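Report on one structure; see the data block that follows.
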Amino acid sequence: ARDGSGRRNFLETLNINYESLVCASQVHGSRIAYISEADKGRGAVSADTALANTDGLITNVRNLPLAIFTADCLGVFLYDPIKHAIGLIHAGWRGRKAGIVSKAVESMQGKFKTNPADLVVGFRKKKKKCCYQVGEEFKDYFAGGLLKIGNHYYLDLAAVVKAQLLKKKVRSKY
């Protein structure tokens, strides 16, 4: 619902105060924001108060709910069980091309002293096929994760993100 009642009802079933939720105004970019207690409620009720131009959120503040929104893009969830920190990433092809996943890992290293090898990673699985059709120019953007079937190219975002995580020494099973 446009009035936020759906979000409120969903979060209340999980015993989460919807007014504490922190949301980003996603732009398919690579900006990662550290979320502190002072950010509580940003974007919870209105998109006008969401963190502007942000596609990744990291925090080590307990009981502070964060949200990202995805459609065809990949949601990437990072958890550091040693430092008790999390990251939520909206990773579309533009963000991935700009290095958003690597930037999130680096941000967690800098802010929380996260060891990438300790990270547990999850993806928001798409219900569709793994890939979507893209133009031939994507050969220039990504070394891997691009499939050619017939005369068409298809991008597997999960494969692209996994490669970026492995490059950062993240060893989680995806």
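For ASP118 and PHE77 in the same chain, what is the full-extension length gain: residue separation times 0.36 nm, less their Cα-Cα distance, in nm?
In short, 13.4 nm is gained.
Classify the range 32-112 as rounded, prolate or oblate, taking a ≥ b ≥ c as the square roots of the eigenvalues of its Cα gyration tensor: rounded when a/c is under 1.5, otherwise prolate if a/b is larger than b/c and oblate if not. It would help to have the intermediate numbers written out before the result.
Details: a/c = 1.75, a/b = 1.03, b/c = 1.71.
Since a/c reaches 1.5 but b/c is at least a/b, the shape of the range 32-112 is classed as oblate.
Order 42-53, 154-165 from most to least packed using the mean count of other Cβ atoms within 10 Å. If you can, show how the numbers build up before the last one.
Working: 42-53: 15.8, 154-165: 20.1.
The most tightly packed comes first, giving 154-165, 42-53.
If you roll a 1.4 Å probe over the chain with all protein chains in place, what percent of the accessible area is carbon or sulfur?
Here carbon and sulfur together make up 50 percent of the probe-accessible area.
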- Message: Can you tell me which of ILE89, ILE149, ILE32 moves the most in a GNM of the chain? Springs connect C-alpha atoms under 10 Å apart.
- Response: ILE149
- Item | GNM top mover of HIS28, HIS152, HIS84 - the chain, alpha-carbon springs below 10 Å | HIS152
- For the chain, the longest principal axis of the Cα atoms and the Cα long axis of helix 100-112 enclose an angle in degrees, to the nearest 10, of 40
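What Kirkwood hydrodynamic radius do you get for the range 86-167 when you take the inverse of the mean 1/r over all pairs of distinct Cα atoms, in Å?
Working: mean 1/r = 0.0726 Å⁻¹.
Hydrodynamic radius (Kirkwood, Cα pairs) of the range 86-167 is 13.8 Å.
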- Query: Any idea of the accessible area per residue across the range 44-174, 1.4 Å probe, to the nearest Å²?
  - Reply: 54
- Item | Estimated inter-spin distance, ARG171 and LYS139, nm [label 7 Å along Cα→Cβ] | 3.7
- Note on the structure: Each label sits 7 Å from Cα toward the beta-carbon; between ASN15 and LYS148 the label points are separated, in nm, by 5.5
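Please tell me the relative contact order of the chain in percent, rounded to the nearest whole number, where contacts are Cα pairs under 8 Å and at least six residues apart.
On the way: 336 pairs, mean separation 31.2, N = 174.
This gives 18 percent for the chain.
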- Query: Looking at the range 11-151, what % of the alpha carbon pairs are farther apart than 18 Å?
  - Reply: 59
- Highest GNM mean-square fluctuation among LEU64, LEU11, LEU78, for the chain with Cα springs under 10 Å, belongs to LEU11
- Expressed in square angstrom to the nearest 10, the accessible area of GLU19 with a 1.4 Å probe stands at 110
- Restricting to the range 16-161, what percent of DSSP beta bridges are antiparallel, rounded to 5? 80
- Note on the structure: Counting sequence-distant residues (5 or more places) and residues on other chains, those with an amide H built under 5 Å from that of ARG42 are CYS23
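The values are calculated or read from the model by the stated rules, or taken from the named source; none is laboratory data. None of the values given here were measured: they were computed from a predicted structure. As a convention, Cβ positions derive from the backbone with ideal geometry for all residues, glycine included, and neighbour counts pool all protein chains shown. Note: accessible area is taken over every heavy atom of the protein model, side chains too, but ligands, DNA and RNA are not part of it. Shrake-Rupley method; radii C 1.70, N 1.55, O 1.52, S 1.80 Å.
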